[in-house]
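The values are calculated or read from the model by the stated rules, or taken from the named source; none is laboratory data. As the structure is a prediction and not an experimental result, all values here were calculated from the model. Using ideal geometry, Cβ is built from the backbone for each residue, glycine included, and neighbour counts are taken over all protein chains shown.
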Amino acid sequence: MSLPQFRLLRPRSVEEAVGYLATHASNIRVLAGGTDLIPSMRQKLFEPEYVLDVRRIAELQGIRPQRGVGVEIGVLTTLNAIEHSDFLRKHYPVLTEAAATVASPVLRNMGTIGGNICLDTRCLWYNQSLTWRKACGFCIKKNGDLCHVAPGGTKCWAVFSGDTPPALLCLNAEVEIASPSGARRLPLREFYTGIGDDYRKLQPNELLTRVFLPESSADYRGVYRKLRVRGSIDYPLAGVAVVVKRSDGHVSDARLALTAVNPAPVLVKGASAMLSGKTMTEELADKVGDLAARTAKPLTTSALTPEYRREMIRVFTRRAILAIANN
Amino acid sequence: MKKELIELNVNGRTHELAIEPSKLLLDALRQDLQLTGSKRGCDDSSCGACTVLVDGIPMLSCTMLAASCEGQEITTVEGVSEHGSLAAIQKAYGDWGGAQCGYCTPGFMMTVKHLLAVNANPTEEEVRSALSSNLCRCTGYSQMYQAIKAAIEAEQKAVPST
């Protein structure tokens, strides 16, 4: 299948890119690695008049540690570069582990950290060709007025399926967003809305530019566990990220986040309190696993049954905690 | 949409092409340059049959715009042979039955070429991990692993020991 027709814009600076976004905000899509946008354009999910190819903006590339502050990651940094960064592996291992599970090695050469954060929410009724959607019935996220997953409701439940955002949430990441009125910074946990068809707080004239990891999140032990049908290529069907800091055999701080089971990646409320000050035992891991499973709201948006995906959230949470405890 | 003039560097030669900005790299290679080695498999950005090297890095040509690749060096399977004869890995694929129906082979070639360029002596696990980007519907993976092993051994023999 070929792509719908569009005009291609190739800015070399953030300023130039934001200028294009301001002029064409009503009908433009941002292209970075292309691994999310191009398949969707092929399926006629997006038919913009303009495509803004930001790949040539050099200032948005690279991982820059800042002593005493943390690390700044340009949004165009590929997932492969994140996976193989010695600095990130040493200080923010949960992120390199999550990045290493995204799709396949070749797709990680293309896909970027910014693209993974901005990944469109997915659903079996949405990520299909125009012919398929026409035949089986359009849905609320595109061209239709009903949800096939939760009939009767008016909310879109398309599922957020990025692997790195739960890791970034555990690390208290912030994102920088550029717009015609300047740049603003936002904690990543405030970036997502939890609504499938309006899943992120990014205006059409705004561009995600940088990701920041604070130094206070450095050197936590971290684990990411991902459920998928094949060992490569696939999007997650359930994902769990856990970070833990220990002192004297006790947990001094911990965070737990989920992906692929809700319309947004979510930090599990109460997990930190449940783990802090405790020794990581099997009993405690079970308790946190139960809490995580209650936070997950998987629906029939994806392969495998919602019941199985929710159960695997419980199992992976337990295994992730015990993996950290036994390491 | 109006066609635009772009310069595409493929297998060491620069081509001037008049194409639509929405044209995928795979289509520019196959339709405009008649380089039909790269294949359209899944059309879903997952199978790897269209893999080419962009500045030496394997990428999916079905998931890139041709116009976005201006200024970059593209290598397709047509550019893998050396001085008109098969590269060691191509010969080994033939000898060990690494290709069955052959449709996925050009994509695998590019992935393997990159793997051996960055890691001359990969472990079996590293080979399996690198090849996990490409799908073979004939499921002839074992023969491919054997072929790659043979190609590495042939390469090592070819280098005179000092």
Check: If A:Arg56 passes every condition in (1) within 10 Å of chain B (Cβ to nearest Cβ); (2) in contact with a Leu (Cβ under 8 Å, 6 or more places away or on another chain); (3) more than 25 Å from A:Ser129 (Cβ to Cβ) but one, which one does it miss?
Finding: (2)
Notebook entry, point to check: Pairs under 7 Å by beta carbon, first residue not assigned by TED's automatic domain parsing to the domain that holds B:Val112 and among the aliphatic types (A, V, I, L, M) in region B:149-162, partner at pLDDT below 85 and part of a helix (DSSP H, G or I), six or more apart or different chains?
Noted result: none
Check: When region A:177-231 is examined, which residues are found to be of a type in the set (Ser, Thr, Tyr) and either surrounded by fewer than 19 Cβ atoms within 10 Å (Cβ to Cβ) or within 30 Å of B:Glu125 (Cβ to Cβ) (or both)?
Finding: A:Ser179, A:Ser181, A:Thr193, A:Ser216, A:Tyr220, A:Tyr224
Notebook entry, point to check: What residue, of B:Asp43, B:Asp95, B:Asp55, is acidic (Asp, Glu), more than 13 Å from the chain's Cα centre (by Cα) and closer than 24 Å to A:Ala103 by Cβ?
Noted result: B:Asp43
Note to self: Out of B:Gly71, B:Gly56, B:Gly84, I need the residue that is surrounded by fewer than 13 Cβ atoms within 10 Å (Cβ to Cβ) and closer than 30 Å to A:Gln5 by Cβ. Which one?
What the structure shows: B:Gly71
Checklist line | Answer residue from region A:3-49, given it is of a type in the set (Ser, Thr, Tyr) and touching a residue at least 24 places away in the same chain (Cβ under 8 Å) and is farthest from the other protein chains (Cβ to nearest Cβ) among those | finding: A:Ser26
Checklist line | Pair list, Cβ under 7 Å, 6 or more apart: region B:6-23 residue away from chain A (no Cβ under 14 Å) and surrounded by fewer than 19 Cβ atoms within 10 Å (Cβ to Cβ), other residue assigned to a loop (DSSP other than H, G, I, E, B) and of a type in the set (A, V, I, L, M, F, W, C) | finding: B:His15/B:Leu33
Notebook entry, point to check: Hey, any hits in region B:141-152 for a residue that's crowded, with 22+ Cβ neighbours inside 10 Å and within 14 Å of chain A (Cβ to nearest Cβ)?
Noted result: no
Notebook entry, point to check: So which residues in region A:62-77 are surrounded by fewer than 17 Cβ atoms within 10 Å (Cβ to Cβ) and not in a strand (DSSP E or B), if there are any at all?
Noted result: A:Gly62, A:Arg67, A:Gly68, A:Val69
Next item on the list: Collect the residues in region B:87-114 that are crowded, with 21+ Cβ neighbours inside 10 Å and among the hydrophobic types (A, V, I, L, M, F, W, C), keeping them in residue-number order.
Entry: B:Ile89, B:Ala92, B:Ala99, B:Cys104, B:Phe108, B:Met109, B:Met110, B:Val112
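Results for (1) touching a Cys at 6+ places or on another chain (Cβ under 9 Å); (2) closer than 25 Å to A:Leu130 by Cα; (3) in a helix (DSSP H, G or I), shown as yes or no for each residue.
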position: A:Arg12; (1), (2), (3): no, no, no
position: A:Ala22; (1), (2), (3): no, no, yes
position: A:Ser26; (1), (2), (3): no, yes, yes
position: A:Val30; (1), (2), (3): yes, yes, no
position: A:Gly33; (1), (2), (3): no, yes, no
position: A:Met41; (1), (2), (3): no, yes, yes
Check: Just checking, which of B:Gly41, B:Gly97, B:Gly48 is on the phi > 0 side of the Ramachandran plot, in contact (Cβ under 8 Å) with a residue 40 or more places away in the chain and within 14 Å of chain A (Cβ to nearest Cβ)?
Finding: B:Gly48
Next item on the list: Working carefully through the options A:Glu215, A:Glu190, find the one that is out of contact with any Lys or Arg (no Cβ under 6 Å at 6 or more places or on another chain) and closer than 19 Å to A:Ile63 by Cβ.
Entry: A:Glu215
